[in-house]
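Here's the structure we're looking at; comments come further down.
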C-alpha cells in the first residue's frame, strides 16, 4: 500500500499547482514512506530479537511484542507519528500557491513550500531509514529461512545511497520537482524489486522451492534454542538427584506400545523428544530394554503424571506409556 501511494503522489507533484495539489504533495510522500519503512523496521527488529534470544545460554521467556497483532500496532504507531508531523506542518505553513520569478522574463507558478516544510516531515523518514539500515546490518548473517532479511538489507543500502544523493541535488538545482519525483519513484521501486522479485522468481522459475519450510522459523534457531534448554534442564535435574541421600527409586518393567522414535542429536531434538528424555530421567526408565524395579514412590508417580500431561498436549500421537509390574 505504501508503494502504491508513493507512486501515486508523483502525479500530484507533477500536476498544476493548486491548494489541493500542494497539500497532497506535502503529505502523501512522507506518509507513504512511513508505511514502507515502518513495516520494514518492525520486521527487521523482530528478526534481530529472535536471533538475540537464540544466542542466550539459558533462554528464560519469550520476547515481548512478537505476535502479528503487536507488530501491526507498532507499525500503526510509527505511521501515526509521521501523520501528526505532517498535520502540524500544514497548520504551521498552510499550503497555497505563489508566483516565483527566477528571472525578469520568467514567472513560475509553484507551491509556497519552504525548506522547513520539506525537511521536517522527511526528518522522521530519515530516522526510520537509519534504524532500518542498522537492523538490516545486524541481521545480515541470518539462517537460510530468513533470507528476506538479506533482501531488506540490500534495499536499505540502496535507499540510503538514493537519499544521500537526493538532498544536495534537490537544494542545489532548480529542477526540484523532477528531483523529488525521481527520488520517490526510485525509493519505492528499489523496495519493490528487492522484496518481491525474489518471491516471484521462486514462484515462476523455481516452484520446487515454494514450500512452507522455506518461509517459516528456521530449524537452526529451533535446534539452537532447544539444545540450550535441554542442557539447562538436564544439568538441573542431574544436580537435584546427585544432591540426594541415595539413588532415586525406579519404576518396574516398562514396555512401549508404539515403536521407539529415532533419537536425533541433542541440538536438533523436538520438544516432544526432549520431554521424553526428561520423563526417562525423572523415572529412571530405560527405553532400550525392560528391567525390574521396586514399586514407584508417590513422588515419582506425581512427576510422571505431570510430564505425561505436557507430552500429550504437545503431540496428537499417543505417547508411549510404561506398564508397571511388581516384583515379588
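Here, each number is a calculation from the coordinates, and none is a lab measurement. Keep in mind that what you see is a predicted model, and the values were worked out from it rather than measured.
Overview of values
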| read-out | value |
| --- | --- |
| Distant alpha-carbon pairs in the range 2-213 (separation over 29 angstrom), percent | 35 |
| Separation of alpha-carbon centers, the range 72-113 and the range 167-181, rounded to whole Å | 15 |
| Computed over the range 2-213: relative contact order in percent, which uses C-alpha pairs under 8 Å that are six or more apart | 24 |
